[in-house]
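First comes the structure, then the notes that go with it.
The values are calculated or read from the model by the stated rules, or taken from the named source; none is laboratory data. Just so you know, these numbers come straight off a predicted model, no measurement behind them. As a convention, Cβ positions derive from the backbone with ideal geometry for all residues, glycine included, and neighbour counts pool all protein chains shown.
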Amino acid sequence: MQIVFLETTAQDMVWVSHYYEQVFPEGRLAFRRHFYAMEELLKENPLLGARHELFEGVRELRIYKTPFSFIYRVKSDRIEVLRIWDQRRDMARLRDFE
């Protein structure tokens with residue numbers, strides 16, 4: 001199944017880039033490996049992520065060994081990634097995709 005990163009992920013990717021450039025540069029390569037591995041796993045297993053407790057029809061899949069996760073929903077023809085969420089943030093702020 002195809003994965004589509006929605007426009008709502010753009011600012012998240014800016015934060016991820018900043019984090020791995022300024023805060024934790026030694027983790028950048030590992031993050032990329034884990035990100036792409038989880039992306040492939042998600043393509044093969046769209047329902048792998050846990051149902052999100054705050055939003056109906058939304059799932060969350062943690063990106064292995066990182067503080068980030070895919071917040072996504074499964075459509076009939078694609079997987080829409082709504083956010084690349086920093087798990088250290090308050091979940092109450094996770095409303096930007098609606």
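Taken over the range 49-91, residues that are among the polar types (S, T, N, Q) and more than 21 Å from Gln2 (Cβ to Cβ) amount to 2. Among the residues of the range 18-41, those identified as out of contact with any helix residue (DSSP H, G or I) (no Cβ under 8 Å at 6 or more places or on another chain), in a helix (DSSP H, G or I) and of a type outside the set (A, V, I, L, M) are His18, Tyr19, Gln22, Pro25, Glu26, Arg32, Arg33, His34, Phe35, Tyr36, Glu39, Glu40. Looking only at residues in the range 60-76 that are more than 18 Å from Arg28 (Cβ to Cβ) and assigned to a loop (DSSP other than H, G, I, E, B), which one is farthest from the chain's Cα centre (by Cα)? So, considering only residues that are more than 18 Å from Arg28 (Cβ to Cβ) and assigned to a loop (DSSP other than H, G, I, E, B), the one farthest from the chain's Cα centre (by Cα) is Ser76.
Evaluate the range 49-59: report whether one residue or more is in contact with a Leu (Cβ under 6 Å, 6 or more places away or on another chain), modelled with pLDDT of 95 or more, surrounded by 13 or more Cβ atoms within 10 Å (Cβ to Cβ) and not in a strand (DSSP E or B). Yes - at least one qualifying residue is present in the range 49-59. When residues of the range 74-90 are filtered for being more than 11 Å from Leu42 (Cβ to Cβ) and surrounded by fewer than 18 Cβ atoms within 10 Å (Cβ to Cβ), how many remain? Of the residues in the range 74-90, 9 are more than 11 Å from Leu42 (Cβ to Cβ) and surrounded by fewer than 18 Cβ atoms within 10 Å (Cβ to Cβ).
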